[in-house]
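The values are calculated or read from the model by the stated rules, or taken from the named source; none is laboratory data. These figures come from a predicted structure and were not determined experimentally. When the accessible area is computed, the model is the full protein with side chains, heavy atoms only, and any ligands, DNA or RNA have been set aside. Shrake-Rupley method; radii C 1.70, N 1.55, O 1.52, S 1.80 Å.
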Amino acid sequence: PPPPPAIAPAAAFAVAASDCAVEKADWLVDIAGDVAAICTDARLDASTLMQRAQAPATLPPLQPIFSGQYVADDDDGDEDDGGVDEAEGPFSGLARLAHALAVALTLASLIMALRAPLITREVGGSILHAFSSGLELDQSYSLLELGALAARPGGMDLFMSASFLIFVVVGPILRSVTQLVLLIVPMSISRARSLHAVSKHLSIFYALEVLIIAVPIMESTIGGLANGLLTADTLPICATLSGQFGASCLELLVFPSEGYTFLCVHVALYVLTGFDGSLTHARIHRWLHPHDAQAPCCAQSCIVNKSVAGSVRAKVGGNFQDRRKHVSLL
């Protein structure tokens with residue numbers, strides 16, 4: 001016999017409920033699969049970022065100019081060399097040789113500028129003709145001699161002389177020597193990075209570019225200042241002497257010598273090799289720290305590098321934000 005009418009609606013409801021449960025179960029399975037995929041992507045992204053963060057510490061050592069291989073020191077207790085004994089670096093031998101020659105020329109021109117006469121003093125005037133017959137007061141001075149003369153009175157002048165020698169002699173020489181060692185001497189990458197940091201700090205102790213301007217200023221001003229010291233107003237005998245010898249009482253002239261030419265050549269080379277951000281400094285920095293997005297560079301190159309780095313950071317950050325939103329919606 002047919003079932004009672006009251007039983008049919010209950011059966012229909014049970015069938016509908018089972019269908020709904022199956023659909024919900026399928027939906028939950030899909031959600032679980034999406035969550036698992038997102039978690040897997042997040043783990044992969046985190047693993048990739050960790051590998052990139054650790055990449056500078058595992059870079060292969062670099063190649064010197066003449067040996068063809070860069071020998072790393074695994075016994076120094078530093079893990080920066082990644083345990084690699086020998087590897088060929090991205091800084092080619094020809095490029096390193098060119099930079100080494102530029103640094104060597106910078107150092108040679110500095111030594112010539114320190115030893116050659118920088119300025120020449122000429123002393124004349126009627127008082128010299130009258131009272132110092134046969135006395136030669138003309139003199140030339142090099143940078144080293146100027147530093148020694150500054151220390152002659154003693155006292156606080158010793159501090160002034162020491163400051164002069166540090167910024168004119170010691171700092172520039174050590175800067176070029178450390179760069180030359182980085183370019184031609186094989187060493188572990190950890191030691192090369194340490195020496196590069198020391199060399200970068202040494203570039204602060206440099207003031208030879210100031211002398212490029214100071215010498216012409218001294219040439220144009222010291223004569224007028226000295227010639228006004230002895231006049232007929234300050235020394236009445238000067239009027240008689242000037243009338244007898246036909247010259248002012250005291251004439252003092254200072255002009256550049258050949259050392260100034262060497263100084264100009266050195267500063268021009270130092271702009272290319274020695275300044276923090278120069279061509280050689282930036283090349284060594286990128287060689288030792290290839291993953292540094294803030295490496296020293298010229299203005300246009302820095303703008304390009306920073307824009308690329310910013311776009312990469314924005315893209316990575318946007319991907320993570322999208323995934324967070326997806327998980328929160330689920």
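Probing with 1.4 Å while keeping every protein chain in the model, the per residue accessible area of segment 116-217 equals 50 Å². Here's how it looks for E251: its modeled amide H is under 5 Å from those of G124, G125, which are all 5 or more places away or on a different chain.
Residues whose amide H comes within less than 5 Å of that of S142, counting only those at least five positions distant or on another chain, are L118 (H built at 1.01 Å from N in the peptide plane).
Could you check how much of the accessible area of segment 164-292 is carbon and sulfur, as a whole percent, using a 1.4 Å probe? Mind showing how you got there, number by number?
Working: 4520 of 6230 Å².
Result for segment 164-292: 73 percent of the exposed heavy-atom area is carbon or sulfur.
Between S257 and I119, T120, the built amide H atoms are under 5 Å apart, and every one of these is 5 or more places off in sequence or on another chain.
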